[in-house]
Amino acid sequence: MTTSSHWQPAATLATLAARAALNARLRHFFAARGVLEVETPQLCHHSGTDPHLHPVTAAYQPYPQATVQTLYLQTSPEFAMKRLLAAGSGAIYQMGKAFRNGERGTRHNPEFTMLEWYRPGFTLTQLMDEVEALVFHALQLTTAPAMQRVSYRQLFVEQLGIDPHLITLDPLKALTVGKTGVDPSVLNSRATCLDLLYGHLIEPALIEPVFVYHYPAEQAALARVVNDSQGQPVALRFELVMHGMEIANGYDELCDAAEQARRFDADRESRRQQQLPDIAADQRLLAALTHGMPACAGVALGVDRLLMLKLGTRTIDDVLTFPLEHA
């Protein structure tokens, strides 16, 4: 198909109007709660080290013929927003573009709209309450029942008969191969196996809105880790799933600079083992955490996916003006 055939928008004008109305409702929600809207750079010297996320890089030259510097389009505004929190911003939110390499499909576009907010003093439970209120407000759900909340462990016990916090790698690998048919050579960790089982078997079956919480410690990302009621380390993290699709991902945020530095190092080692490009630890974030970031809970929500739910479509291209092939 020629480039000239892709000049028209993928979304209808009615969809563009629906997006504008949704954005207005989201901003109204935070204005009513006294949460400050902020903007942070999309083009930065650092990016997240998470080996599951692949940033888009940019070649920057301060002037023609200058040495090229590699910069990153942000996979999330998280690091910059945490620096604002450490500087005393109070509760903040941001709605804007994020970029991720290698993500394209019915639910993914490499450029997408993310809503991210942070609530100093909030617990994870309070943040789940607020996410639920925001979704009800944004989708104008006036009679919907309260969203279910279920632990990651409970889902695996009920659907696969295993405790994801206790099962060891070898039986977990065997189960993953048997259930998904994946090549066993790619199953190099418990986290990889659990991700595949969750993504292939559990998440698609979660049709009614549900908060999944208490992920295994190795999936903590930037969330705090505590021992649960059974004495197992769990990540203070949740995901909101609706119609088998992740809508939001929230954390009780890690504020410990030394632990953050350790996780950066672990991510970089994982990248090395997987032969992925190295990404240096963000020293500005570590400095902000050393200065002191208030205890808080934060969450990122996919605005495009929320609009998909509102309009009843299962394809992200339907809600984008110009998806990648049209851009």
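Below is a table of values for the structure above.
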item	result
Rg/Rh ratio calculated on Cα atoms of region 150-195 (Kirkwood radius)	0.95
Convex hull volume per residue in cubic angstrom - Cα atoms of region 73-229	163 Å³
Total charge dipole magnitude, the chain, about the Cα centre, Cβ charges on Lys, Arg, Asp, Glu only, Debye to nearest 20	400 debye
Farthest toward positive dipole pole in the chain [+1 Lys/Arg, -1 Asp/Glu at C-beta], among ASN109, VAL35, MET81	VAL35
Extent along principal axes [Cα atoms of region 212-279; Å; largest to smallest]	34, 30, 20
Size descriptor, Kirkwood hydrodynamic radius, that averages inverse alpha-carbon separations across region 160-302, Å	16.8 Å
Size of region 1-103 as Cα extents on the principal axes (Å, biggest first)	49, 46, 31
Projected-area average for region 222-327 over all orientations - Cα convex hull basis, square nanometres	10.3 nm²
Taking all pairs of distinct alpha-carbon atoms in region 121-190, Kirkwood radius in angstrom	15.3 Å
Sequence of CYS255, CYS193, CYS296 once ranked by neighbouring C-beta atoms within 10 Å, starting from the fewest	CYS255, CYS296, CYS193
Positive-end extreme of charge dipole, region 2-123 - chosen from TRP7, CYS44, THR70 (charges on Cβ)	TRP7
Reference-scaled alpha-carbon Rg (2.2 N^0.38 Å with N residues) for the chain	1.02
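Values in this text are rule-based calculations from the coordinates and carry no lab data. Not measured: the values here are computed from a predicted model. No Cβ is skipped: glycine too gets one built from the backbone with ideal geometry, and neighbour counts run over all protein chains shown.
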